[in-house]
Structure formats: C-alpha cells, structure tokens
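The values are calculated or read from the model by the stated rules, or taken from the named source; none is laboratory data. Since the model is a prediction, treat every value here as computed from it, not as a measurement. Here the Cβ is made from the backbone with ideal geometry for all residues, glycine too, and neighbour counts use every protein chain on show.
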Amino acid sequence: MSEHRTSTGNPTIDELDKKIICALQGDFPLVAEPYKAMAEQIGVSEELFLARVKAMADSKKIRKMGAVLRHREVGFSSNVLVAWQVEPERLDEVARKMAESPSVSHCYDRTTAPDWPCNLYTMVHGHSREECEQIVAGLADETGVKERAMLYTKREWKKISMKYFQE
C-alpha cells in the first residue's frame, strides 16, 4: 500500500481505506468469516482488506477495534462522570491507575480553568448509584486523590460511536 502525505507531512487516507473504515464501523457480520463478508461488501479480497486494516493500525490511522457494550441493557444502570483534581506532576501515574480499573470505561485529561481545577475525568459504571460511590471511593483511596466532582447521568440524549467518511 502506498502512503500519500499532505503538504504538512501527515499521511492521508485513500478511498479504499475510507471504504474499509466505513465497513468496520458498522455492525459486525454474524457469520463464520466476517472480514470476508465486509471485504465482499466493498469489492475487494479478504486478504487485501485485512492487509489494509493491519497497515492502517501499524501507521496509527486506526487505533482500535472492539465491541461496544450497551451497558444499560446488561444491568449497569448507573454511571457517573468523575472530574478529579490531580496534581499535574502525578497526572500520568494517577491516570494509569484509574484506567486499570475494570469499572472505568473512559479516562482522559482536560485543561483546567480558573474556576474549574479538575484535570482528570473518568466514566464509572455500576449496577447502582451506591456501587458507583464505592468504586469512586476505592479509586480515591488507591490514588490518594480526594478532590472530585461526581456528575451522574440524569437522562441519556444520544449515545453513538462516531461514524467517519459517511456520505
């Protein structure tokens, strides 16, 4: 696969790669050979399809592929976005520890503001609000980070994965 670069030196994604990405971001075919089915859908061989997926992953054009669990449908009825106030010099260490928790689905840092000192955010899922409280308390104990704001979901308006290169 030849890689094209923009004037800034960044690799571009060609039309075939865009088709492959579109195929990958839909529902996974429930067949014995799902990649073959996706390849046929866009008119290429399974071998070429998989080679292009590997090349995009190797060049960091795509980062991951995985299943999306609809957490409410499997009993995780409570979730909370926790905004943590972490000393900047400990941010990487604390983020790694929190990201290791199986109850944390998202963990990322954000810029602070004069009236909002929180710089690390985690999304915690549990079977109840009480379970979420226990998980967050455990994360606080494990990391020594106590300052936090817990923002519970009141109503879900939209929850979808991003779709790229859609017409």
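The residues listed here are Ala83, Ala99; of these, the one that is in the same structural domain as Glu142 (by TED's automatic domain parsing), touching a Leu at 6+ places or on another chain (Cβ under 9 Å), surrounded by 11 or more Cβ atoms within 10 Å (Cβ to Cβ) and at pLDDT 95 or above is Ala83. Screening Tyr108 with (1) touching a strand residue (DSSP E or B) at 6+ places or on another chain (Cβ under 9 Å); (2) free of Cβ contacts under 8 Å to residues at least 40 places away in the same chain; (3) over 26 Å from Ser77 (Cβ atoms) gives one miss only, at (3).
Does Ser45 fit the bill of being of a type in the set (Ser, Thr, Tyr) and either modelled with pLDDT under 95 or surrounded by 17 or more Cβ atoms within 10 Å (Cβ to Cβ) (or both)? Steps first, answer last, please.
Working: of a type in the set (Ser, Thr, Tyr): yes; either modelled with pLDDT under 95 or surrounded by 17 or more Cβ atoms within 10 Å (Cβ to Cβ) (or both): no.
For Ser45, the condition - of a type in the set (Ser, Thr, Tyr) and either modelled with pLDDT under 95 or surrounded by 17 or more Cβ atoms within 10 Å (Cβ to Cβ) (or both) - is not met.
Please tell me if Val136 is farther than 26 Å from Gly26 by Cα and not in a helix (DSSP H, G or I). Taking the combined requirement at face value, the residue does not satisfy it.
Conditions tested, residue by residue: (1) surrounded by 13 or more Cβ atoms within 10 Å (Cβ to Cβ); (2) at pLDDT below 95.
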{"site": "Ser105", "(1), (2)": "yes, yes"}
{"site": "Cys118", "(1), (2)": "yes, no"}
{"site": "Tyr121", "(1), (2)": "yes, no"}
{"site": "Ala140", "(1), (2)": "yes, no"}
{"site": "Gly144", "(1), (2)": "no, no"}
{"site": "Ala149", "(1), (2)": "yes, no"}
{"site": "Glu156", "(1), (2)": "no, yes"}
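Candidates in region 111-151 are the residues that are free of Cβ contacts under 8 Å to residues at least 40 places away in the same chain and among the aliphatic types (A, V, I, L, M); of these, the one that is nearest to Pro88 (Cα to Cα) is Leu120.
Please enumerate the residues belonging to region 123-138 that are aliphatic (A, V, I, L, M) and either touching a Gly at 6+ places or on another chain (Cβ under 7 Å) or surrounded by fewer than 16 Cβ atoms within 10 Å (Cβ to Cβ) (or both). Residues satisfying the conditions are Ile135, Ala137.
Does Met123 satisfy the condition of being over 30 Å from Gln25 (Cβ atoms) and either in a strand (DSSP E or B) or of a type in the set (D, E, K, R) (or both)?
On the way: over 30 Å from Gln25 (Cβ atoms): no; either in a strand (DSSP E or B) or of a type in the set (D, E, K, R) (or both): yes.
So Met123 does not fit the description; no.
Take the conditions surrounded by 13 or more Cβ atoms within 10 Å (Cβ to Cβ), in a helix (DSSP H, G or I), of a type in the set (Val, Ile, Thr) and not assigned by TED's automatic domain parsing to the domain that holds Ser105 and apply them to Ile21. Does it pass? Yes, satisfied.
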